[in-house]
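In what follows, a single structure is set out as structure tokens and then discussed.
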Protein chains: 2
Amino acid sequence: MNQNTVPLYQGLLNHKNSDPISFHVPGHKNGAMFKSVDFGTVSFNDLLRIDLTELNGLDDLHSPTSIIKEAQHLTADLYKVKKSYFLVGGSTAGNLAMILATCNPHDVVLVQRNSHKSIMNSLQLANVRPVFLSPEFDYESQIATNISYETVKQAIKDYPEAKALILTTPNYYGMVSHNLNEIIKLANSAGLLVLVDEAHGAHFILGKPFPTTAVTLGADIVVQSAHKTLPAMTMGSYLHFNSSRIDIGKVEYYLQVVQSSSPSYPIMASLDLARYYLAHISNKDKEEIIDSIENFRESLARLPQINLIAQKSDLYQADILKIIVQSNCALTGYEIQEAFEKEHIYTELADPWNVLFVCPLSEVEDYSTIVAKVERAIKHVPTEIRDKQKVDQSTPSIFTLAITYEEMRKRKTCKIPLRNAVGEIAASSVIPYPPGIPVILPGETITNNHINMLLTLKESGAYFQNNPELWDKGIDIFN
Amino acid sequence: MNQNTVPLYQGLLNHKNSDPISFHVPGHKNGAMFKSVDFGTVSFNDLLRIDLTELNGLDDLHSPTSIIKEAQHLTADLYKVKKSYFLVGGSTAGNLAMILATCNPHDVVLVQRNSHKSIMNSLQLANVRPVFLSPEFDYESQIATNISYETVKQAIKDYPEAKALILTTPNYYGMVSHNLNEIIKLANSAGLLVLVDEAHGAHFILGKPFPTTAVTLGADIVVQSAHKTLPAMTMGSYLHFNSSRIDIGKVEYYLQVVQSSSPSYPIMASLDLARYYLAHISNKDKEEIIDSIENFRESLARLPQINLIAQKSDLYQADILKIIVQSNCALTGYEIQEAFEKEHIYTELADPWNVLFVCPLSEVEDYSTIVAKVERAIKHVPTEIRDKQKVDQSTPSIFTLAITYEEMRKRKTCKIPLRNAVGEIAASSVIPYPPGIPVILPGETITNNHINMLLTLKESGAYFQNNPELWDKGIDIFN
């Protein structure tokens, strides 16, 4: 092969040089956010000069005593929790450590069904017995939101032996249940540990009109991706510990099990900077951020090819940073996303109906230019009212896997065409990415709904991780 | 607290601004290495502009089809293996995935005792039955080296049910067994999988006089820290897959379980650059690197306060990039390291007897200035011949844990003063860091040797991870 190329590095430079506009994670928006933080600019070689290791004076993430300890302490102070940990392995590492540290093999745990794959992987690694709680489906946006108070209440009644409730809030689209407070209280009073993947909510402590954060509502552990909405580097996350019931030593043990023994100092430093950035957003700043996003929303709302999903609903509180744009034309969400990319506007994700913008946590001046590009991208498409899927009544709100993880290790698997798979037990995940939430889980009995959802996703152009043979050879099932 | 400070970021800037000289990892040596690669310099904001995410065209580490696939392919091509994977979670992630993908619960595996804690953590997470093989002790350097051919042979005989042999080669000091080839052949012919933590050997494919690499000797999986001796960013590693016996799908599954679903693009790009850098070292370059390090060694050898550990021994082949300097004066290794730091020379690690320099994989011009600083640091100390520890005959060359990992989960623990701990079963690791190799493992019966080694380390100034109470309240044991 030609060893004279650097395809990955070059690919990134090409993207950079195309002057892209970022409405996706990471939250630093191609570095633009750091302009407003007065730490000067550092050259690439200078950056590598802070890509250091555990030298004397530079502390040790896995046993901090000085600068890392202090930076984590400032973070805990800001979030008003007992202890905050810097994560260099993303919220994936936080979710793994949170579950491995609190759940023993065979423990029954209640888990929100539309959780990220890192939660699902953690359940399998911890060898627990998950009971899945189905989220409510929002007809308007065609999005699975949060689990209802009633579902949690019923699950606690059905599974009194359950040890923990594992929530994902907000969902990928920034939606938070109105009942989050009541749900956490209910779980607490039933003696369940409350473990929360709040990857998309690191900025919620700014308070209203941002949605409620589990950090202040009595959750035991909350994991947040500081790189998603705060200006941290990718893989920079926080784990907030706020429990009087969990052995903190076990959490620290698993954090060093699942994370590198040579953690990245630039990522850790960016977590320090992100905390600083968040701490210095005044109420006036917040108002200006919100105003500028409101202006952007209003301009977008004028385009006939798209509808904006409302910021208020009976089902959820919405994160202002997230703008959900729904197709009102012949294009699917994926096709609209692609049209935007031709104008160098990169959004966070698409689904069959919507495109998701993640706005920066800073005032942006040139929204009008961006709106003009958005308009140019889709103005030629005739408007069209699209059929929506009805709320599915057939999926049970509470269900378990058909076989245990241990049983899965022992069974043989084979492939079967999708059309014949209903009633079989899936042997691997099927994961559209983003958002990375499995449509089908290993151990789950495959239903008509699963197949219909897969076909809808496929037809409208979704990308699936690691399933190259799904459409021709079929899906993995247990014999 | 005062939210106006950024202690971690500031700490790194302070270190950077003190003009430190790096003889430690990462291999890019404070960025100096990238000067010789013609990719220009990029500003910090520019770096954040390549801190991207899985956008169209930028591929997906966990299901690569374009630029990441190509970059990994070039790496496999250079290392002459079936497949190479970029790791963003360091060799820790590689070791976890390698062991979780190949070992089932209760499998018997043969493991080199002086392995990194990430190997030990993986064994526990995979819930296997480890059989530990003790390394040979080198009297001259006072360092535990590699396991002997005879030990492996005996272990295979004693444990015919063993599934895998897990090696660490080179050790932290760059030492590789003369018999590595024969050991791998023996294990292969006995039907054992050969899994290798070669974190410190990513540059060995340059060939002689560098030591042999397991990559070319028939190991099934080899994990390498590209950030240790190649110029990759910290947490950048490679996993090389070269097996016809291991299910590659399981390896890929566990790589996405243990690594972030939002992998860092700068780290991945640096792996691409590090591969390019290695591919372009000519024989002439190699000779120049070796010559400049030889000159440095010779100059150091003239200082009476230190002895240089030989590059050749009956027990090992040595990595030229590693220079082991042994105290020949009243100072311990730790004290010599500290003296060097006063001259802004930062080395990789110290132990009671030695200081380890990791030289860059590039020609360095100003060794004479550095030698002058080294001399200034220690010239006032009178020389002194130090007592060395005898080779320990009492530790068995093959042994198992006293209780299984499952049993450990169930048992209660308490603390006991070190002096009373002999014969008890340890409940947690005791890990001097660096190098991160546990002196005591959970489940191990505590011996007099363990206690003596701990006391020697403590007296000479070693730093221990996560054991603040070890010296006053005692060690964790199982009741």
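For the cross-link pairs B:Lys342/B:Lys388; B:Lys82/B:Lys250; B:Lys83/B:Lys286; A:Lys208/A:Lys284, which exceed 18 Å when the distance is taken from alpha carbon to alpha carbon? Intermediate values should be presented prior to the final figure.
Values: B:Lys342/B:Lys388 27 Å; B:Lys82/B:Lys250 16 Å; B:Lys83/B:Lys286 26 Å; A:Lys208/A:Lys284 13 Å.
Result: B:Lys342/B:Lys388; B:Lys83/B:Lys286 exceed 18 Å.
For chain A, build the charge dipole from Cβ charges (+1 Lys, Arg; -1 Asp, Glu) around the Cα centre, then report which of A:Pro209, A:Leu110, A:Pro438 sits farthest towards its positive end.
A:Leu110
What dipole magnitude, in Debye to the nearest 20, does the protein assembly as shown give about its Cα centre under +1 on Lys/Arg Cβ and -1 on Asp/Glu Cβ?
Working: 82 positive and 104 negative charges, 303 e Å.
Dipole about the Cα centre, nearest 20: 1460 debye.
Work out from phi, with θ = phi - 60° and the Karplus expression 6.51 cos²θ - 1.76 cosθ + 1.60, the ³J(HN,Hα) of each residue of the stretch A:111-119, listed in order in whole Hz, and give x for Gly and Pro.
Per-residue couplings from phi come out as 10, 4, 5, 8, 8, 5, 4, 5, 5 Hz.
What is the Cα convex hull volume of the stretch B:204-254 when expressed per residue in Å³?
Considering the Cα atoms of the stretch B:204-254, their hull volume per residue is 75 Å³.
Ignoring any ligand, DNA or RNA, what whole percent of the accessible area of chain B comes from carbon and sulfur when the probe is 1.4 angstrom? The partial results should precede the final answer.
Working: 8510 of 17420 Å².
Solvent-exposed carbon and sulfur of chain B make up 49 percent of the total.
Using the alpha-carbon centroid of each, what span in Å lies between the stretch A:68-108 and the stretch A:180-208?
14
Could you please state, rounded to a whole Å, how far the C-alpha centre of the stretch A:209-223 is from the C-alpha centre of the stretch B:242-281?
Their Cα centres are 35 Å away from one another.
For the protein assembly as shown, what are the per-bin percents of Cα-Cα distances with bins 10 Å wide, up to the bin holding the maximum?
Per 10 Å bin, starting at zero, the Cα-Cα P(r) for the protein assembly as shown comes out as 2, 12, 21, 26, 21, 12, 5, 1, 0 percent.
Give me a single rounded figure for A:53-61: the average over its residues of other chain Cβ atoms within 10 Å of their Cβ.
On the way: counts 10, 8, 8, 6, 6, 6, 3, 5, 1.
Mean partner shielding for this stretch: 6.
In the stretch B:181-285, what % of DSSP beta bridges are antiparallel (nearest 5)?
About 60 percent, rounded to the nearest 5.
Chains A and B: what accessible area do they bury, summed, in square angstrom to the nearest 100, with a 1.4 Å probe?
9600
What spacing in nm lies between the two simple spin-label points modelled at A:His344 and B:His344, each 7 Å away from Cα in the Cβ direction?
Simple spin-label model gives 4.1 nm for this pair.
Shortest first and in nm to one decimal, what separations exist between B:Arg419 and its copies in the other chains, measuring from label points 7 Å along the Cα-to-beta-carbon line?
Counterpart label points of B:Arg419 in the remaining copies fall at 8.1 nm.
Under Stokes-Einstein, with the Kirkwood radius over Cα pairs standing in for Rh, what whole-number D in µm²/s applies to the stretch B:271-331 at 20 °C and 1.002 mPa s?
On the way: Rh = 13.7 Å.
D = 156 µm²/s.
In nanometres, what is the gap between the two model label sites at B:Ala330 and A:Asp366, each 7 Å from Cα along Cα-to-Cβ?
Placing both labels 7 Å along Cα→Cβ, they lie 6.7 nm apart.
Give me a comma-separated list of calculated 3J(HN,Hα) values for the stretch B:87-102, in order, Karplus coefficients 6.51, -1.76, 1.60 applied at θ = phi - 60°, integers in Hz, x for any Gly or Pro.
Values, residue by residue: 10, 9, x, x, 5, 3, 4, x, 5, 4, 5, 4, 7, 5, 7, 10 Hz.
How large is log10 I(q)/I(0) at q = 0.05, 0.06, 0.07, 0.11 Å⁻¹ when the Debye formula is applied to the Cα atoms of chain A, each weighted equally and without solvent?
With no solvent term, the Cα-only Debye profile gives -0.19, -0.27, -0.37, -0.97.
What does the charge dipole of chain A about its Cα centre add up to, to the nearest 20 debye, if the Cβ of each Lys and Arg holds +1 and the Cβ of each Asp and Glu holds -1?
On the way: 41 positive and 52 negative charges, 158 e Å.
Result for chain A is approximately 760 debye, rounded to the nearest 20.
With every protein chain left in place, what is the accessible area per residue of the stretch A:179-270 in square angstrom, probe 1.4 Å? The partial results should precede the final answer.
Working: 2130 Å² over 92 residues.
That works out to 23 Å² for each residue.
Give me the distance in nm between label points sitting 7 Å out from Cα along the Cα-to-Cβ direction at A:Ala310 and B:Val391, one decimal.
According to this spin-label approximation, the distance is 8.1 nm.
Which order, highest average first, do B:72-80, A:212-220, A:166-174 follow once you tally other Cβ atoms within 10 Å for each residue and take the mean per peptide?
On the way: B:72-80: 19.2, A:212-220: 21.8, A:166-174: 25.7.
Ranked from most to least packed, the peptides come out as A:166-174, A:212-220, B:72-80.
Note down the magnitude of the dipole of the stretch A:350-427 about its Cα centre, charges +1 on Lys and Arg C-beta and -1 on Asp and Glu C-beta and zero elsewhere, to the nearest 20 debye. Walk me through the numbers before you get to the answer.
Numbers: 12 positive and 11 negative charges, 130 e Å.
Around 620 debye, computed over the stretch A:350-427.
The values are calculated or read from the model by the stated rules, or taken from the named source; none is laboratory data. This one's a predicted model, so the numbers in the text were calculated from it and none came from an experiment. Cβ sites come from the backbone with ideal geometry, for glycine too, and all protein chains shown count toward neighbours. To get the accessible areas, we keep the full protein, side chains included, count just its heavy atoms, and leave off ligands, DNA and RNA. Shrake-Rupley method; radii C 1.70, N 1.55, O 1.52, S 1.80 Å.
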